[in-house]
Amino acid sequence: MTKCGDYVPFPIGNVRYMPPERFLGAKNNIKSDIWSLGMIMAELLLQTTFWSGMKISNITRKILSFLQVENVFEKIAREHNCLERYAQINGELCALVETCLNVAPSKRPLPTELLTHPYFSKDVTTYAYTEPPKSNVLLLRCPLEQIYYWWQLAGGDVQSELKKEGLIRSEAPILAIPQIVCLNGAIVGPKRSQSYLMDDRVVPLKLNNLFEKLCNLPVMAYFPLIHSPKFPHNFGASMAQLPLVIREKDIEYQFYRVRLFSRLLKGYPYTSDMIRKEAAKDIPPYLRGPIWACLLDVIPIGSYEKIDKFTPTSTDRQIEVDIPRCHQYDELLSSPVGHCKLKRLLKAWVTSHPQYVYWQGLDSLTAPFLYLNFNNEELAFLSLYNFIPKYLQWFFLRDNSAIIKEYLCKFSQLTAFHEPILANHLSSINFIPELFAIPWFLTMFSHVFPLHKIMHLWDKLMLGDSSYPLFIGISILKQLKSTLLSSGFNECILLFSDLPDIVMENCVLESQKMYECTPKSVSHRLHVLREEPLTEFDITPEVTLAHLQAEMCPRISAKDFTNLLHHAPTDMCALDLRSAVEYSHVRVPHSLNVPFVAAQLSEPHLDALGVPQLEELMHGRIVICISNTHEHAVQFSKFLVECGVMRVCILHKGFNILHTIEPNILISN
């Protein structure tokens, strides 16, 4: 924990029992423990406490003086006026103590040798460690880490408990400032306070409050049976409607969730569907790291250890510059160990992806995984390893301009889809996503928000696909909508240079709502990791970046259009832009015929179209523009967005693609 004492300003252990070599800078080792055993035996045999009431500095001098002595045991007996007792000690036992107190560590016996000595081997089995019986108190059968987590939720505070016992004392910080710091690390300044020295007092943390809070829990809640329909495992379902912040602080609810997820995690990967289902409700902070790993399909196989994380590379300099600026308000990430771990993770990722380069922002992307898996680097690395291809496929290529342009273009289209008025305003002042959104998506918002806000955002992100971050971006714009609509270009630049406080719970809810009501093809991008090949009824690769940049509204595939028509016809409004004659021959069920006339689109007013109650018919629905001429659909959809119509999209491949769908969905006259 302290790297053999390097991380603390005091010697670890009781000074009276330390061997001389420890005061000369040697690390603690097994031979040091043999000296301590010898000192304890000497105290018991001489029936006295050594150097009681003496200052630590004087005790240290006494022990160092033993370096000039052959028989340490005898010298100690003389100093404490115990020569008579010393003379009465059995010769064999006296020799054993003297061997343990040899000033040369190499001449002290090993524990294995001591166990063969008659004085130890005689009753060794009597004192052998035995497993204590299981407690009848169910809470005490839970892992200690879980009990400690619940104890904190019940109001427990280690710092205050230590203060009560006098183990933490407040001192003026100015008294700790050194006068001189040498290059070798030596410090010259005020004397160190005795309060910095080790205190081996044990402070029991009382569980009374925790027992009181959990006393009425059903026994089944401790060991939920997830595969037995007879026995419920969804304890705490009545609290599911409470705000997430309250649920995370509620000890009873967190108890149910931690016990349930602990059981599910033991069955991973066979329980991955159940983990995903439960994670959609909420994720307990205590188990967030392992749960994220499961949602990312991580299975540790020891591969991290085999990656070269130490050979110098061309990216080392940039990594070393970025790490001291990465979430340094957090105690873990700002610690020297945190810096070393983050550097190893980044080097491991760069080494294992020779096709990619290190882009600034990768450190921020890695930080949440390290924060949650601080003592499990492999899990942090594998989570990052699976996260990037899922959400940021090809973002870290040396030339990633095409990928980022496509991503931002789709972001603009989805903004027009969900927030047409805001999209019109931003377009009119030429405030394009390239000016503010690249750090958002390149780091999945981990660079612009503190860690505690990222957690809830990523909880939902992990459950979505590669398009989910786009909806998070729109939900942020939505929160800033009133300010943005009243701002010009310069004001918008200033606003995003110092982003105002975003209510993360609203952001999560809004992004989830938009994600669920948007057909998958509307957020289609070419540069994503695909599990299934595209068909002719999907949006095919022929849609280039140039096409996207020329279209204000997104496209919808024939596949999604057909699904809406069959399963949710009331959720869509199909506008057929062909002529009245063509419409009379063949049409889509429930569609409206709005013949395309360019002259009518000069002014952004729906009344100019001459279709009665058109606004009411489109309200709250996905508006799909269908035409044989793609350019007509592009112009008309832009006109609708300028009129403030929400959820406008264009049918990919136009009306003609509908003729090829089987079974036939068209009505012919």
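Please treat every number below as a calculation from the coordinates, not as lab data. All values reported here derive from a predicted model rather than from experimental measurement. Note that we place each Cβ from the backbone using ideal geometry, even for glycine, and neighbour counts take in every protein chain shown.
For each of Tyr7, Tyr391, Tyr356, count neighbouring Cβ atoms within 10 Å of the residue's Cβ, then give the residues from fewest to most. Intermediate values should be presented prior to the final figure.
Working: Tyr7 11, Tyr391 23, Tyr356 17.
Listed from fewest to most nearby Cβ atoms, that is Tyr7, Tyr356, Tyr391.
Starting from the amide H of Val623, placed 1.01 Å from N in the peptide plane, find each other amide H under 5 Å away whose residue is 5 or more places distant or on another chain.
Cys573, Val648, Cys649
Project the alpha carbons of the chain onto their principal axes and report the range along each, largest first, in whole Å.
Sorted largest first, the three principal extents are 124, 64, 44 Å.
What residue among Ile429, Asn90, Thr562 has its Cα farthest toward the positive end of the dipole of the chain, where the charges are +1 on Lys, Arg and -1 on Asp, Glu, each on the Cβ?
Of Ile429, Asn90, Thr562, it is Asn90.
Can you tell me the dipole magnitude for segment 304-391 around its Cα centre, using point charges on the Cβ only (Lys, Arg +1; Asp, Glu -1), in Debye to the nearest 20? All intermediate terms of the calculation are to be shown ahead of the outcome.
Numbers: 9 positive and 10 negative charges, 34 e Å.
Around 160 debye, computed over segment 304-391.
Using the Kirkwood radius over C-alpha pairs as Rh, can you work out the diffusion coefficient of segment 369-440 via Stokes-Einstein at 4 °C, viscosity 1.567 mPa s, in µm² per second?
On the way: Rh = 14.5 Å.
So the translational diffusion coefficient is about 89 µm²/s.
In terms of modelled amide H atoms, which long-range or inter-chain residues lie less than 5 Å from the amide H of Asn593?
It is Asp576, by chain and number.
Please tell me which of these pairs span more than 22 angstrom C-alpha to C-alpha: Lys249/Lys341; Lys164/Lys206; Lys410/Lys513; Lys405/Lys520; Lys306/Lys341?
Working: Lys249/Lys341 30 Å; Lys164/Lys206 13 Å; Lys410/Lys513 18 Å; Lys405/Lys520 20 Å; Lys306/Lys341 16 Å.
Checking Cα-Cα distances, Lys249/Lys341 exceed 22 Å.
Please state, as a whole number in µm²/s, the translational diffusion coefficient that the Stokes-Einstein equation yields for segment 545-668 at 10 °C and 1.306 mPa s, with Rh defined as the Kirkwood radius across alpha carbon pairs.
Working: Rh = 14.6 Å.
After rounding, the answer is 109 µm²/s.
With a 10 Å Cβ neighbour count serving as the proxy for reagent exposure, in which order, fewest first, do Ile432, Ile89 appear? Don't skip to the end; give the middle numbers.
Numbers: Ile432 14, Ile89 17.
Listed from fewest to most nearby Cβ atoms, that is Ile432, Ile89.
Have a look at the DSSP beta bridges in segment 540-669 and tell me what percent are antiparallel, nearest 5. Don't skip to the answer; put the middle values down first.
On the way: 2 of 14 bridges.
DSSP beta bridges in segment 540-669 are roughly 15 percent antiparallel.
So what's Rg/Rh here for segment 456-504, counting alpha carbon atoms and using the Kirkwood radius for Rh? Write out the running numbers ahead of the final one.
Values: Rg = 12.8 Å, Rh = 12.1 Å.
Radius of gyration over Kirkwood radius for segment 456-504 works out to 1.05.
Can you tell me the FRET efficiency between Leu534 and His619 if r is taken as the Cβ-Cβ distance and R0 is 41 Å, rounded to the nearest 0.05?
Numbers: r = 33 Å, r/R0 = 0.80.
Calculated value: 0.80.
Can you give me the pair-distance distribution of segment 212-346, C-alpha pairs, 10 Å bins, whole percents?
Distribution as computed: 10, 29, 27, 20, 11, 3 percent.
Report the Stokes-Einstein translational diffusion coefficient (µm² s⁻¹, integer) for segment 448-530, Rh taken as the Kirkwood radius over Cα pairs, at 20 °C with viscosity 1.002 mPa s.
On the way: Rh = 14.0 Å.
Once the numbers are plugged in, D ends up at 153 µm²/s.
Determine the sum of side-chain charges near Asn506: Lys and Arg each +1, Asp and Glu each -1, restricted to other residues whose C-beta is under 11 angstrom from that of Asn506.
Working: positive: Lys478, Lys513; negative: Glu505, Glu510.
Net charge in that neighbourhood comes out at 0.
For Ile556, what residues show an amide H to amide H distance below 5 Å, using hydrogens built from the backbone and excluding near sequence neighbours?
Answer set, sorted by chain and number: Ile650, Leu651, His652.
Longest segment of the chain with no GluC sites (Glu not before Pro) in a DSSP loop having at most 15 other Cβ atoms within 10 Å?
No qualifying site falls inside 172-530, the longest such stretch.
Multiply the residue gap between Ser579 and Lys481 by 0.36 nm, knock off their C-alpha separation, and tell me the result in nm, one decimal place. Kindly include the intermediate steps, with their values, before the conclusion.
On the way: separation 98, 0.36 × 98 = 35.28 nm, distance 3.83 nm.
Result for the pair: 31.4 nm of gain on full extension.
Quick one: grab Rg to one decimal and Dmax as a whole number for segment 304-391, Cα atoms only, in Å.
11.8, 34
Using only the Cα atoms of segment 102-216, construct the convex hull and provide its projected area averaged over every direction, in square nanometres to one decimal.
14.3 nm²
Between Ser57 and Asn669, how many nm apart are label points set 7 Å from Cα along the C-beta direction?
Going from the Ser57 label point to the Asn669 one covers 10.7 nm.
Choose one of Tyr304, Leu264, Ile291: the residue whose Cα lies farthest towards the positive end of the charge dipole of segment 258-316 (beta-carbon charges +1 Lys, Arg; -1 Asp, Glu; about the Cα centre).
Leu264
Quote to one decimal, in nm, the extra length available between Val69 and His605 on full extension: 0.36 nm per residue of separation minus the C-alpha distance between them. Mind dumping the intermediate values first?
Values: separation 536, 0.36 × 536 = 192.96 nm, distance 10.33 nm.
Additional length available on full extension: 182.6 nm.
Over all directions, how big on average is the projection of the convex hull of the alpha-carbon atoms in segment 551-599, in square nanometres?
On the way: hull surface 17.5 nm².
Mean orientational projected area (segment 551-599, Cα hull): 4.4 nm².
Would you calculate the volume per residue, in Å³, of the smallest convex hull containing every Cα atom of segment 246-287? Let's see the in-between values first.
On the way: hull volume 2.3 nm³, N = 42.
Per residue, the Cα convex hull of segment 246-287 comes to 55 Å³.
As a test of the formula, what do you get for the chain when each DSSP H run with n ≥ 4 contributes -39,500 (n - 2.57) and the sum is divided by the residue count, at 222 nm and rounded to the nearest 500 deg cm²/dmol? If you can, show how the numbers build up before the last one.
Numbers: 33 runs with 303 residues, N = 669.
Using -39500 (n - 2.57) per qualifying helix, the result is -13000 deg cm²/dmol.
Using a cut-off of 23 Å between alpha-carbon atoms, which lysines can reach Lys230, once sequence neighbours fewer than 8 places away in the same chain are excluded?
Lys266, Lys277, Lys281
What list of whole percents do you get for P(r) of segment 402-507, with Cα-Cα distances grouped in 5 Å bins up to the one holding the largest distance?
2, 11, 24, 27, 21, 11, 3, 0
Give the residues of segment 439-483 whose amide nitrogen is closer than 12 Å to a point set 7 Å from the Cα of Asp399 in the direction of its Cβ.
The answer is none.
Regarding segment 1-130, what's the average projected area of the Cα-atom convex hull, expressed in nm²? Mind showing how you got there, number by number?
On the way: hull surface 37.4 nm².
That works out to 9.4 nm², a quarter of the Cα hull's surface.
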